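Below is one structure, written out as structure tokens; comments come after it.
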Amino acid sequence: MSYTETTSSGWLGRIGSSITGVLFGLVLLVVSLVMLVWNERNAVQDLKTNKEIAEKVISVSADSVDSANEGELVHLNGPAKTDDLVKNQQFAIEENAIRLSWSAEIYQWVEKKESKKRKKLGGGEETVTTYTYKKEWVGKPVDSSKFKESGHDNGGGRKYGSGSSQAKAVTLGAFKLSDELISQMSWKTPYILQELPDGWKDDGRLSGGVFYSGMPESPKIRDEKVSFSLTGPDDVSVMAVQTGDSFSTYKSETGKTKLLLYQGLLSAEEVVEGEETKAKLLRWALRGGGIVVMFIGFLLILKPLSVLADVLPFLGNLVGGVSAFVALLLSIAISAIIIAMSWIFFRPVLGIGLLAVTIACLFFIKKKLSTKNQISASVPPPLN
């Protein structure tokens with residue numbers, strides 16, 4: 001099932017839109033610069049913090065509380081245990097575990113959109129948008145009143161919701177774990193629901209331990225399903241400030257805070273390595289995101305050039321390709337400068353190396369800009 005919509009825009013209208021896009025592009029450049037500067041500053045702080053906790057942490061036994069370690073950053077490991085029961089009263093579930101979670105989904109029509117643009121001689125552009133409709137299990141009801149094509153009514157409301165039940169008292173040897181530490185126990189295994197509460201025969205059925213309000217093999221719109229998972233007791237490693245017989249957050253000299261729990265019996269060195277790995281993944285993700293945002297910003301700023309050249313579509317494509325290449329080089333070069341300047345005082349060799357690469361990129365960009373100017377000068381006037 002699909003619905004197609006075609007819209008057109010003229011050459012002058014596209015020029016106006018591209019000029020407006022320049023302003024948005026400038027905003028994106030500012031956002032990317034702030035994002036990159038913040039990320040590098042945060043990366044330096046992460047390195048300093050992880051080095052600090054590696055030097056200050058004391059490994060202690062979980063078997064007893066030593067008052068001599070009060071207020072100190074400690075590391076300990078062992079089995080996390082609880083006597084609490086986690087419950088779901090609606091489905092009459094009661095288990096001894098750290099956490100019981102349930103995820104509810106509803107069967108709905110979902111609208112998906114795909115657009116394709118076609119350039120026309122004279123600088124105009126035609127956009128063909130295709131809307132397709134499929135039935136899927138989704139986490140929340142979909143408002144079908146906003147669909148482009150009628151006939152895909154999802155109705156409204158639902159009976160079941162997602163949620164969780166978490167143990168209040170969890171211990172690690174002689175110590176009590178805080179709610180913040182308990183919430184970091186993210187591992188889970190599927191919980192197979194064995195039977196439904198009495199009197200539920202008309203409400204649904206089980207398939208593979210999952211509750212279905214309709215027929216599992218042939219669901220209908222507005223049917224619901226609920227699946228369950230359990231976080232059981234397991235070995236954990238904790239790194240935090242010892243506070244009585246529990247733990248509190250460690251605040252480093254850089255202002256960073258640490259209240260850490262990892263699954264498994266890890267050494268203090270392995271916990272620090274885990275933090276370094278997470279910090280590395282985050283900073284590279286943000287670097288990539290900053291470069292992408294900057295690239296989009298430069299594309300919007302250079303967009304009027306390709307629109308002007310679109311009076312002849314092949315020429316517009318050529319200018320657009322050159323603009324994209326220049327935007328990519330500028331994004332990489334400027335990002336490298338920001339990263340290099342942030343690191344030059346912390347790791348001089350790395351910072352100086354990045355600056356050298358950046359200079360080489362800038363020379364290459366200068367040559368490409370000269371080529372782009374020659375192409376722009378040859379753009380013919382618009383057709384009447």
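Every read-out reported here was derived from the displayed coordinates using simple, explicitly stated rules and does not represent laboratory data. Please read all numbers here as calculations on a predicted model, not as lab measurements. Here the Cβ positions follow ideal geometry from the backbone for every residue, glycine too, while neighbour counts run over all protein chains shown.
Given only helices, namely DSSP H runs of n ≥ 4 each adding -39500 (n - 2.57), what is the per-residue ellipticity at 222 nm of the chain, to the nearest 500 deg cm²/dmol?
Taken over the chain, the calculation gives -14500 deg cm²/dmol.
Pulled fully out, how much extra length does the chain show between Phe325 and Val30, if you take 0.36 nm times their separation in residues and subtract their Cα-Cα distance?
104.2 nm
Compute the FRET efficiency between Ser162 and Thr4 as 1/(1 + (r/R0)^6), taking r as their Cβ-Cβ distance and R0 = 30 Å, and round to the nearest 0.05.
Numbers: r = 36 Å, r/R0 = 1.19.
E between Ser162 and Thr4, to the nearest 0.05, is 0.25.
Taking 0.36 nm per residue of separation and subtracting the Cα-Cα distance, what length does fully extending Thr20 through Ala169 add?
Residue separation times 0.36 nm, minus the Cα-Cα distance, leaves 47.9 nm.
How many nm separate the modelled label positions at Glu72 and Thr130, each set 7 Å beyond the Cα in the direction of the Cβ?
Label-label distance for Glu72 and Thr130, simple model: 6.8 nm.
Given a Förster radius of 22 Å and the C-beta distance between Trp284 and Leu318 as r, what FRET efficiency does 1/(1 + (r/R0)^6) yield to the nearest 0.05?
0.05
Using only the alpha-carbon atoms, how far is helix 11-56 inclined from the longest principal axis of the chain? Give it as 0 to 90 degrees, nearest 10.
40 degrees
Run the simple label-point estimate for Ser64 and Glu269 please: 7 Å along Cα→C-beta, distance reported in nm.
Here the answer is 2.8 nm between the modelled labels.
If I stretch the segment between Ser207 and Thr277 completely, what's the gain in nm (0.36 nm per residue apart, minus their alpha carbon distance), one decimal?
So the extension gain works out to 21.2 nm.
Mind checking region 153-244 for trypsin sites (Lys or Arg not before Pro) that DSSP puts in a loop (not H, G, I, E or B) and that have at most 15 other Cβ atoms within 10 Å?
Answer by residue number: Arg158, Lys159, Lys168, Lys201, Lys220.
Evaluate the distance, in nm, between pseudo-label points positioned 7 Å from the Cα of Trp200 and of Lys176 along their respective Cα→Cβ axes.
If labels sit at Trp200 and Lys176, their model points lie 3.4 nm apart.
Based on the Cβ-Cβ distance of Asp83 and Lys48, what FRET efficiency does E = 1/(1 + (r/R0)^6) give at R0 = 45 Å, to the nearest 0.05?
That pair, Asp83 with Lys48, gives E of 0.65.
Between rounded, prolate and oblate, where does the chain land on the alpha carbon gyration tensor, with a ≥ b ≥ c its root eigenvalues, rounded for a/c under 1.5, else prolate if a/b exceeds b/c?
oblate
If you average the sequence gap of Cα pairs under 8 Å that are 6 or more apart and divide by the length of the chain, what percent do you get for the contact order? Kindly include the intermediate steps, with their values, before the conclusion.
On the way: 695 pairs, mean separation 92.6, N = 384.
Answer for the chain is 24 percent.
What residue among Trp343, Leu281, Ala333 has its Cα farthest toward the positive end of the dipole of the chain, where the charges are +1 on Lys, Arg and -1 on Asp, Glu, each on the Cβ?
Of the options given, the answer is Ala333.
Just want to confirm a number: the relative contact order over region 91-183, from Cα pairs under 8 angstrom separated by 6+ residues, in percent.
RCO, region 91-183: 33 percent.
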